[in-house]
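Quick notes on the structure that follows.
Read the figures in this text as sums done on the coordinates, not as results from a lab. Quick caveat: nothing in here was measured; it's all calculated off a predicted structure. Cβ coordinates were reconstructed from backbone atoms using ideal geometry, including for glycine residues, and neighbour counts include every protein chain displayed.
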Amino acid sequence: MRLIILANGPFALPMLHALDASRHPVLAVVVRPPRLGQGRHRHPHPSPIELAAKDLGLEVFAPSTVNTDEMRRRLRSMEPDLLMVCDYGEILRDATLAIGRLGSINLHGSLLPKYRGAAPVAWAIYHGETETGTTVFQVTPGVDAGPILGQRSLGIDPDETAGDLEARLADQGAILVTDVLDQIDAGTAQPLEQNAALASRAPRLSKANGQIDWARSATAIKNQVRAMQPWPRAFTTWLRPQGDPLRLILTKTVAWQLGELDVLASGPDITEPGTVLEAGNRLLIATGDGMIEVIEIQPAGKRIMSAAEFLRGHTVQPGHRFG
């Protein structure tokens, strides 16, 4: 089958390489316009997909929007059988979806109908899922709501970050896409309608999603720290008795239940969420249910360091508050 790929983010990279090596010819790759860099020299930064597609010798388009009559005419003139969409970043109109003779399909990083939306990997970890996967589905006007053509499940490691899990899902998804394309080509694909009653949302992340609420459980906070990497990252504030509050990014934590560790701190309200319980050889903070041990931390404007290194340079004391 003759393919046009619409993709932009790194999640689609393994798929691009797999399809280029497959028996299905890739006619062109459509990406989002290059973003401008920071600082005085704001040069455009092409996406990973654009760079990889050009390295593979594929024709690349980077329109401000693919949903124009002119762009649709250019793509339709290539006579594609199918549009292959993954991590593209623009809602496609009906006329665009219909460019391919057989329509359009999408690779998504969850077991649909769970986690429909832009950030399925992060929200699966945030909510404590132990299993996720990839889905290939027919694109329809509803967000990630089209009939399912294939799925593969994948276990989530208990300390895995969203970035690590997304890389594994991307590799798995590349295999799934080629299998589904072979089934479509052979006429053996069997679309399965999604059960909308089981759907859950995975909206695009914002910086506010990284703010830690210490009234949540230790397990939930650990999951948040994992889910917010590589972006926007989980953060809190050390409310220093002397000096301005210090913003801190947490990059690795362990969740404990009260009673699992001998804690040195004592006194009234010592288990109030956000209270420092210990700040000697380790940094322990009370939560709404259990304790968080901070393993790695990044003070504002500084590099990531171990909690022990942070404590050697900062006078955190039991009873201090984070929040």
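Using only the Cα atoms of the range 207-322, what do you get for the radius of gyration and for Dmax, in Å?
Considering the range 207-322 through its Cα atoms, Rg and Dmax are 12.8, 37 Å.
What nm distance separates the two modelled labels at Thr219 and Leu239, each placed 7 Å from Cα along Cα→Cβ?
Inter-label distance under the simple model: 2.8 nm.
For Trp231 and Thr140, calculate 0.36 nm times their separation in residues minus their Cα-Cα distance, and state this gained length in nm to one decimal.
29.9 nm
On a full-extension model of 0.36 nm per residue, what is the gain between Ser22 and Asp289, subtracting their alpha-carbon distance, rounded to one decimal in nm?
91.0 nm
Any idea what the dipole of the range 207-322 comes to, in debye rounded to 20, about its Cα centre with Lys/Arg Cβ at +1 and Asp/Glu Cβ at -1?
600 debye
Relative contact order, percent, of the chain when contacts are C-alpha pairs under 8 Å separated by at least 6 residues?
13 percent
Could you estimate the translational diffusion coefficient of the range 181-238 from the Stokes-Einstein equation, with Rh from the Kirkwood formula over C-alpha pairs, at 10 °C and 1.306 mPa s, in whole µm²/s?
Translational diffusion coefficient: 107 µm²/s.
According to the square roots a ≥ b ≥ c of the eigenvalues of the Cα gyration tensor, what is the shape class of the range 1-131, taking rounded for a/c under 1.5, prolate for a/b larger than b/c otherwise, and oblate for the remainder?
It comes out oblate by the Cα gyration axes.
Report the gain in length on full extension from Lys54 to Glu79: 0.36 nm times residue separation, minus Cα-Cα distance, nm rounded to one decimal.
Value of the extension gain: 6.9 nm.
Only Lys, Arg, Asp and Glu count, each charged at its Cβ (+1, +1, -1, -1), so figure out the dipole size of the chain about its Cα centre, rounded to 20 debye.
The calculated dipole for the chain is roughly 1120 debye.
What residues qualify as long-range amide H neighbours of Leu82, i.e. H under 5 Å apart, gap of 5 or more or another chain, H built at 1.01 Å from N?
The answer is Arg2, Ile4, Arg101, Leu102.
Which FRET efficiency value, to the nearest 0.05, do you get for Arg2 and Glu193 by plugging their Cβ-Cβ distance into 1/(1 + (r/R0)^6) with R0 = 22 Å? Don't skip to the end; give the middle numbers.
On the way: r = 27 Å, r/R0 = 1.24.
Computed FRET efficiency for Arg2 and Glu193: 0.20.
Spin-label point model (7 Å from Cα, Cβ direction): what's the Asp179 to Asp159 distance in nm?
With each label point 7 Å from Cα toward Cβ, the separation is 3.0 nm.
Report which label in (i) 31, 55, 14, 0; (ii) 29, 46, 23, 3; (iii) 33, 60, 7 holds the value of P(r) over Cα pairs in 20 Å bins from 0, in percent derived from the coordinates of this structure.
Comparing each candidate, only (ii) matches the computed number.
For Thr315 and Glu272, what does the FRET efficiency come to when R0 = 22 Å and r is the distance between their Cβ atoms, rounded to the nearest 0.05?
Numbers: r = 20 Å, r/R0 = 0.92.
Efficiency computed from Cβ-Cβ geometry: 0.60.
Taking a ≥ b ≥ c as the square roots of the eigenvalues of the Cα gyration tensor of the range 93-170, is the shape rounded (a/c under 1.5), prolate (a/b larger than b/c) or oblate? Don't skip to the end; give the middle numbers.
Working: a/c = 2.64, a/b = 2.37, b/c = 1.11.
Prolate shape, in that a/c is at least 1.5 and a/b is the bigger ratio.
Helix by helix through the chain, keep the DSSP H runs that span 24 Å or more along the axis on Cα and average at least -1.0 on Kyte-Doolittle, and give those back in order.
Flagged H segments are 162-186.
Hey, can you rank 50-57, 101-108 by average C-beta count inside 10 Å, highest first?
Values: 50-57: 16.2, 101-108: 20.8.
Highest-to-lowest ranking by the protection proxy: 101-108, 50-57.
Assuming R0 = 35 Å, what is the FRET efficiency of Arg204 and Glu296, from their Cβ-Cβ distance, to the nearest 0.05?
Efficiency for this residue pair is about 0.85.
Too long at a 29 Å Cα-Cα cut-off: which of Lys114/Lys252; Lys54/Lys222; Lys222/Lys302?
Lys54/Lys222
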